[in-house]
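Taking it in order: structure first as structure tokens, then the write-up.
The values are calculated or read from the model by the stated rules, or taken from the named source; none is laboratory data. In this text the structure is predicted, and so the values were computed from the model without any measurement. Cβ placement follows ideal geometry from the backbone for every residue including glycine, while neighbour counts extend to all protein chains displayed. For accessibility, only protein heavy atoms count, side chains too; no ligands or nucleic acids. Shrake-Rupley method; radii C 1.70, N 1.55, O 1.52, S 1.80 Å.
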Amino acid sequence: QVQLVESGGGLVEPGGSLRLSCVASGFTFRDNGMTWYRQAPGKEREMVATIGVTDATRYTDAVKDRFTISRDLDTGTAYLQMNNMKPEDTGVYYCSAFWSRTRYWGQGTQVTVSS
């Protein structure tokens, strides 16, 4: 079965950095894109960054030039490198994959940006 397991969240001060990881299993990782979403308190879940099978990437405007999505085909892991973080980046971050007509989600990892 498809499993997505995130890690790397935590508390960071404004201007700091974090790197999130998502270990994927149960599907052909190299044949599938990966997406990071986040959900802030009281807000809807939003797409943050996505990477396709050709490694083309796309970001929401709020994180462009600060966040970088990547993936390691050997380990089946997707990453989200977050730099120059801001308080509005606070939320639960989820990785997601669409496979066999179903969207799968990880359990989420909390990211808090605060001084």
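Put Val92, Val5 in order of accessible area, largest first, 1.4 Å probe: what do you get?
Ranked from most to least accessible, the order is Val5, Val92.
For segment 54-115 and segment 5-34, write down the distance between their C-alpha centroids in whole Å.
Going from one Cα centre to the other spans 6 Å.
Once you charge only the Cβ atoms, +1 for Lys and Arg and -1 for Asp and Glu, what is the size of the charge dipole of the chain about its Cα centre, to the nearest 20 debye?
Dipole about the Cα centre, nearest 20: 220 debye.
Per residue, how much accessible surface does the chain expose to a 1.4 Å probe? Answer in Å², no decimals.
54
For all pairs of alpha-carbon atoms in the chain, what percent lies in each bin of width 10 Å, listed from the first bin to the last filled one?
Pairs per bin, as whole percents: 15, 50, 29, 6, 0.
Please give the solvent-accessible surface of Glu6 in Å², to the nearest 10, using a probe radius of 1.4 Å with every protein chain present.
For Glu6, solvent-accessible area is about 10 Å².
Quick one: order Leu18, Leu73, Leu80, Leu11 from most to least accessible surface, probe 1.4 Å.
Order by accessible area, largest first: Leu11, Leu73, Leu18, Leu80.
Mind telling me which of Thr35, Thr60, Thr50 comes out most flexible in a GNM of the chain, alpha-carbon contacts under 10 Å?
So, out of Thr35, Thr60, Thr50, the one fluctuating most is Thr60.
Solvent-accessible area of Ser115, probe 1.4 Å, all protein chains present, reported in Å² to the nearest ten, please.
130
Count the net charge of all other residues whose Cβ sits under 10 Å from the Cβ of Asp89, scoring Lys and Arg as +1 and Asp and Glu as -1.
Summing Lys and Arg as +1 and Asp and Glu as -1 gives +2.
Over the chain, what is the relative contact order in whole percent, taking alpha-carbon pairs under 8 Å and six or more residues apart?
36
Only Lys, Arg, Asp and Glu count, each charged at its Cβ (+1, +1, -1, -1), so figure out the dipole size of segment 22-62 about its Cα centre, rounded to 20 debye.
100
Among Pro41, Pro14, Pro87, which one shows the highest mean-square fluctuation when the chain is modelled as a Gaussian network with alpha-carbon springs under 10 Å?
Pro41
Rank Asn83, Val23, Gly10 by how far each Cα sits towards the positive end of the charge dipole of the chain (+1 on Lys, Arg Cβ; -1 on Asp, Glu Cβ) and give me just the farthest.
Looking along the dipole axis, the top candidate is Val23.
Along its three principal axes, how long is segment 57-115 when you only count alpha carbons? Whole Å, largest extent first please.
Principal axes ranked by extent give 41, 22, 21 Å for the Cα atoms.
For segment 1-114, which whole percent of the accessible surface, found with a 1.4 angstrom probe, sits on carbon and sulfur atoms?
That share works out to 45 percent.
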